[in-house]
Amino acid sequence: MRDGGDPDSERRLGAVTPALLARLSMSYLVKNDYYLYIVGYDICYLGKLARRDYTRLELQTAVSKCPRCGKGPMVVDSSRGELICGNCGFVVKEKIEETGPEWNSSSLEEGENRVRTGSPTSIAMHDMGLATMIGRPNRDAAGRPLSGSMRTTVSRLRTWDSRSQIHASMDRNLRQAFSELERFAEKLSLSEALVEKAAYIYRKALERGFLRGRSITETIAASLYAACRETETPRTLKDIAVVSNLAKKEVARSYRLLLREMDLKMPIVDPTKAVSRIASRVQLSEKTKRRALEILRKANQKEALTGKDPMGLAAAALYIACTLEGEGKTQRDLARAGEITEVTIRNRYRGLRAALEI
């Protein structure tokens, strides 16, 4: 036995029996204000309590003497959660709570994940994130490897557990729809809040029987566009149609039916939301973008934006700003960036000039 500096530790630690040391593969020995780290039969002094870098178990008690023999030292078995007298072996306290991280993972993909909790609940998951699962490690509760026959049995249980979670037709519908929704949101760089909103609209539509006889892909695409409109996120019908591999008129038809059946009220789209999108595509300066926003603000005060396409208004305001600031951008450049026609820009351009008397 060796220690790192306590002159009295050799005499006091002599009471720790080899049987007790064999039982404690990784534990901490508490003597006054010292931590001693046990590895096999080696005891190394690690420092005082202030050096918490070395501790992996926060002690739940300040017991320094055994209540039975009146001696010590006290030994903490971190694997069993027990506080044991090193002199007589009496278990002073059991089921000590571990307050440090565990770093347990339930799947191979989570092996490098250093979080202690599972994923949060979400309505964008078919089971809302509340389902249980059988972990991937093939070990029992004591950490011993499973036998070959038991591994086969547990593997079959995992398979049936996965299948049982999508047994109902509604669960299969939601699983397919939300898988498509996740793919659309990733391609369009949408936020989690918007995805949750789209999932909520789709769930309500499914509860009301809206999907009977209709395509899941069309309905989830329409729900996503409705969520974009409600949160005023600048995504067009064409954007949704491209990522969903559907025709624009199919998404538009499903969207109109969804509004009528669900009695949804959508806010008027603010054309200023589309200014940054178009300006970044044609690489306009910040000064020109601010000038376009000022033009739209003045036009809104004069009620010249009502009933007009927001993308066309944004492109026309940017074209006027480019003309005033001397940036050489043509109507064709802005039309391509806004995915509209040059005729639309010319019509909105004339309307803004007349309203603002430019």
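The values are calculated or read from the model by the stated rules, or taken from the named source; none is laboratory data. Remember, it's a predicted structure, so these values are computed and weren't measured experimentally. Cβ atoms come from the backbone with ideal geometry, glycine included; neighbour counts cover every protein chain shown.
Brief remarks on what is shown
- Output for the range 150-190, where each listed residue is of a type in the set (S, T, N, Q), at negative phi and without any contact (Cβ under 8 Å) to a residue 40 or more places away in the chain: Thr152, Thr153, Ser155, Thr159, Ser162, Ser164, Gln165, Ser169, Ser179
- Of all residues in the range 206-221, exactly one satisfies the criterion of being over 15 Å from Arg183 (Cα atoms) and hydroxyl-bearing (Ser, Thr, Tyr), namely Ser215.
- First in the range 194-218 and over 15 Å from Arg172 (Cα atoms), second anywhere and part of a helix (DSSP H, G or I) and hydroxyl-bearing (Ser, Thr, Tyr), Cβ under 6 Å, 6 or more apart: Ala198/Ser223; Ile201/Ser223; Glu218/Ser254
- Neighbours by Cβ (under 8 Å, 6+ apart or cross-chain): first from the range 329-346, in contact (Cβ under 8 Å) with a residue 12 or more places away in the chain; second not in a helix (DSSP H, G or I): Lys329/Leu284; Ala335/Thr341; Glu339/Thr236; Ile340/Asp309; Thr344/Asp309
- There is no residue in the range 261-284 that is acidic (Asp, Glu), out of contact with any Phe, Trp or Tyr (no Cβ under 7 Å at 6 or more places or on another chain) and part of a helix (DSSP H, G or I).
Conditions (1) in the same structural domain as Glu232 (by TED's automatic domain parsing); (2) at pLDDT 90 or above; (3) under 30 Å from Arg229 (Cβ atoms); (4) out of contact with any Pro (no Cβ under 9 Å at 6 or more places or on another chain), marked per residue:
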site	(1), (2), (3), (4)
Glu110	no, no, no, yes
Arg116	no, no, no, no
Ile134	no, no, no, yes
Gly148	no, no, no, yes
Thr159	no, no, no, yes
Ala177	yes, yes, yes, yes
Lys187	yes, yes, yes, yes
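- The condition of being among the charged types (D, E, K, R), more than 21 Å from Pro310 (Cα to Cα) and either part of a helix (DSSP H, G or I) or out of contact with any Leu (no Cβ under 6 Å at 6 or more places or on another chain) (or both) holds for only one of Arg291, Arg214, Arg297, that being Arg214.
- For the range 230-250, filtered to residues that are of a type in the set (D, E, K, R) and crowded, with 18+ Cβ neighbours inside 10 Å, the residue that is farthest from the chain's Cα centre (by Cα) is Asp239.
- Of all residues in the range 254-269 being without any contact (Cβ under 8 Å) to a residue 60 or more places away in the chain and surrounded by 14 or more Cβ atoms within 10 Å (Cβ to Cβ), the one that is nearest to Lys204 (Cα to Cα): Leu258
- Restricting the range 303-358 to residues that are among the basic types (Lys, Arg) and assigned to a helix (DSSP H, G or I), the residue that is farthest from Thr236 (Cα to Cα) is Arg353.
- Qualifying residue in the range 325-338 (condition: within 37 Å of the chain's Cα centre (by Cα) and either surrounded by fewer than 16 Cβ atoms within 10 Å (Cβ to Cβ) or of a type outside the set (A, V, I, L, M, F, W, C) (or both)): yes
- Here Pro137 passes the criteria (1) under 30 Å from Lys197 (Cα atoms); (2) surrounded by 11 or more Cβ atoms within 10 Å (Cβ to Cβ) except the one numbered (1).
- Members of the range 187-215 found to be of a type in the set (A, V, I, L, M, F, W, C), under 19 Å from Arg253 (Cβ atoms) and touching an Asp or Glu at 6+ places or on another chain (Cβ under 9 Å), listed by number: Ile201, Ala205, Phe210
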